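Down below is the structure, laid out as structure tokens.
None of the figures in this text is laboratory data; all of them are computed from the coordinates on show. All values derive from a computational prediction rather than experimental measurement. Quick reminder, even Gly has a Cβ in these numbers, built from the backbone with ideal geometry, and neighbours come from all protein chains shown.
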Amino acid sequence: MVIPKAIRDLLRLRPGQKVQAIAYEDRIELIPVRRAKEMRGFLRGIDTTVERDRDRL
């Protein structure tokens with residue numbers, strides 16, 4: 001399958017990168033699989049002041 005360069009650039013897809021294919025209604029959605037290292041910082045700014053149960057610390 002060939003994904004146009006403009007879309008690959010927009011989604012930061014690399015050659016050989018894995019994607020997850022999902023059938024949704026009448027189309028196929030491709031979700032890039034990201035390495036854990038690339039996910040670093042994606043929750044920056046999240047509110048961490050929520051009280052938690054002691055066994056969830």
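Check the range 36-54 and report whether any residue there is under 18 Å from ILE3 (Cβ atoms), of a type in the set (S, T, N, Q), part of a loop (DSSP other than H, G, I, E, B) and out of contact with any Asp or Glu (no Cβ under 8 Å at 6 or more places or on another chain). Checked the range 36-54: no residue is under 18 Å from ILE3 (Cβ atoms), of a type in the set (S, T, N, Q), part of a loop (DSSP other than H, G, I, E, B) and out of contact with any Asp or Glu (no Cβ under 8 Å at 6 or more places or on another chain). State all residues of the range 27-37 that are under 16 Å from PRO15 (Cα atoms), among the charged types (D, E, K, R) and surrounded by 10 or more Cβ atoms within 10 Å (Cβ to Cβ); if no residue qualifies, say none. Selection gives ARG34 alone.
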